[in-house]
Amino acid sequence: MDIHDIILDKRYGKSLTKEQIAFFIDGVTDKTIPDYQISALLMAIVLNGMDPAEMTELTLRMAHSGETCDLSAISDQIVDKHSTGGVGDKCTPIILPLVASFGVPVVKLSGRGLGFTGGTIDKLESVKGFRTEIPISDFPEYVNRCGAVLSAQTPELAPADKELYSLRDVTGTVDSIPLIASSIMSKKIAGGANAIVLDVTCGDGAFMKDIDSAAALSHAMIDIGRIAGRPVTCVISSMREPLGHAVGNILEMREVEEFFNGTMSDDLRTVCLTLAASMLRMSGHKEAQDFPVAYALCEDNVRSGKARDAFLSFIRSQGGAVRADGTLEYRDRPVLRAEIFADADGYVHEVLASDIGKASVRLGAGRKRKTDNIDFGAGIMVHKKIGDFVIRGDCLCSLYTGENGLADQSTVNDASTLVRSAYRIASDAPAKPVEIIDILN
Ligand code: URA
């Protein structure tokens with residue numbers, strides 16, 4: 001078999017055979033196919049797509065390109081959760097302990113931030129002492145201790161995805177339904193989850209910019225899950241503006257702390273409770289089979305403080321520093337560097353999540369390259385969101401860097417310009433974005 005012929009077949013719109021897909025993924029994994037030929041095939045897939053059979057074959061081959069996790073020693077009903085990425089998305093550190101507070105074991109493999117979307121591992125590592133490199137063999141011990149464990153994705157799981165993802169990131173081939181669906185589902189299958197809840201973000205700050213493409217991606221992942229015997233629920237959520245108020249690692253973890261103390265924005269509350277309720281349902285929890293009941297149970301555990309207890313025990317279990325009063329200790333301190341004020345009276349119509357995400361990365365909260373260091377204290381507090389009425393001079397956003405951050409004044413000025421351009425203010429009242437667009441399973 002020849003990779004050149006496979007590239008030509010896809011270029012002319014043919015469906016690839018199982019053997020061709022196996023040849024491609026084997027060559028990616030053992031690095032016998034050069035990057036330029038991998039990139040050419042990726043671009044042909046972006047342009048000509050894949051049918052469901054090709055997509056499933058690609059996913060399963062990628063899932064088995066390295067080690068796979070066997071979580072059966074913990075439970076045969078492990079539910080995993082994954083987001084297609086967003087700005088201000090701090091759902092995982094909220095949902096994991098919330099679901100664990102029902103006695104449902106949770107195992108989660110997470111990634112670091114790349115591009116303008118943040119990563120859960122970076123957020124949790126902003127807590128002093130928090131360990132994110134947990135060996136798979138230790139997962140049962142952690143789950144016995146506090147009901148949940150979260151670890152950075154190991155390079156041994158789905159290595160073909162790792163190779164492909166780093167090439168996609170630099171060749172303009174990220175936003176493709178077959179490539180995103182196979183990337184996400186291969187990692188979830190290799191990670192050993194029995195059922196999967198996917199937060200499919202949709203809007204300016206997400207890969208899927210409109211509802212039709214978010215629904216198409218959801219259906220692709222549900223189909224792959226069906227064939228692989230792993231039921232999938234997709235929650236399509238809005239990423240038109242940042243989720244909640246905080247963007248950046250320590251700032252977001254502080255917002256997580258506030259969530260467990262009962263102070264949270266409506267959008268963050270709705271998205272987290274919907275995802276947690278979906279996970280509880282899929283875990284087979286007997287009283288949670290009806291979605292509204294599952295949602296109400298999750299609300300109860302937040303209100304009663306059970307979820308907060310589970311959160312603190314999860315942070316302690318992985319070495320994170322918790323003070324005697326239950327607040328977290330962080331590796332740095334956010335310092336206010338600039339504020340953006342409204343230049344007119346009116347309603348906020350737009351807070352472009354992508355611009356806020358890019359400004360936050362510029363301040364130091366994210367990486368431009370995988371090897372960059374992060375400024376844990378950097379980020380943005382978004383005070384005014386879509387639908388809010390503002391008066392000229394009101395503060396829209398505050399920009400922070402850490403005490404140990406590197407951003408100089410000209411970088412802060414650049415970030416301020418981007419934040420200002422993210423806002424559109426007009427005199428008529430807009431409709432608030434709907435947080436949950438659809439739930440598909
Ligand atoms: N998240 C992933 O894990 N893979 C993609 O391709 C896109 C988002």
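The values are calculated or read from the model by the stated rules, or taken from the named source; none is laboratory data. Here the structure is a predicted model, which means the values were calculated and not measured. Cβ coordinates were reconstructed from backbone atoms using ideal geometry, including for glycine residues, and neighbour counts include every protein chain displayed. Please note that ligands, DNA and RNA were not included when accessible areas were found on the heavy atoms of the full protein model with its side chains. Shrake-Rupley method; radii C 1.70, N 1.55, O 1.52, S 1.80 Å.
A few remarks follow.
- Here the peptides 336-348, 118-130, 259-271 are ranked by packing, the mean other Cβ count within 10 Å, and the order with the highest first is 118-130, 259-271, 336-348.
- Normalised alpha carbon radius of gyration of the chain [divisor 2.2 N^0.38 Å]: 0.97
- Projected label distance in nm at residue 48 and residue 368, using a 7 Å step from Cα toward the beta-carbon: 3.6
- The range 100-189 - percent of accessible surface contributed by carbon and sulfur, probe 1.4 Å: 51
- For residue 31, the lysines whose Cα comes closer than 17 Å to its Cα, not counting residues fewer than 8 places off in the same chain, are 162.
- At R0 = 22 Å, FRET efficiency that the Cβ-Cβ distance of residue 166 and residue 406 yields, to 0.05: 0.35
- Probing with 1.4 Å while keeping every protein chain in the model, the per residue accessible area of the range 3-49 equals 54 Å².
- Residue 8-residue 329 pseudo-label distance in nm [points 7 Å out on the Cα-to-Cβ vector]: 6.5
- Rg [Å, one decimal], Dmax [Å, integer] - the range 79-317, C-alpha atoms: 16.6, 49
- Protection proxy ranking of 97-109, 222-234, by the mean of other Cβ atoms within 10 Å over each peptide's residues and highest first, is 97-109, 222-234.
- Burial ranking of peptide ranges 143-156, 293-306, 377-390 (average Cβ count within 10 Å, highest at the top): 377-390, 143-156, 293-306
- Per residue, the accessible area of the range 62-150 comes to 32 Å², computed with a 1.4 Å probe over protein heavy atoms only.
- Percent of Cα pairs in the range 1-134 per distance bin of 10 Å, from zero to the largest separation: 10, 28, 28, 24, 9, 0.
- Solvent-accessible heavy-atom area per residue, rounded to whole Å², over the range 219-364 at 1.4 Å: 39
- Size of the range 334-426 from its Cα atoms: along the principal axes, largest to smallest, the extents are 42, 22, 18 Å.
- Computed with a 1.4 Å probe over protein heavy atoms only, the accessible area of residue 29 comes to about 50 Å².
- Distance between modelled label sites at residue 30 and residue 175, nm, 7 Å Cα→Cβ extension: 3.7
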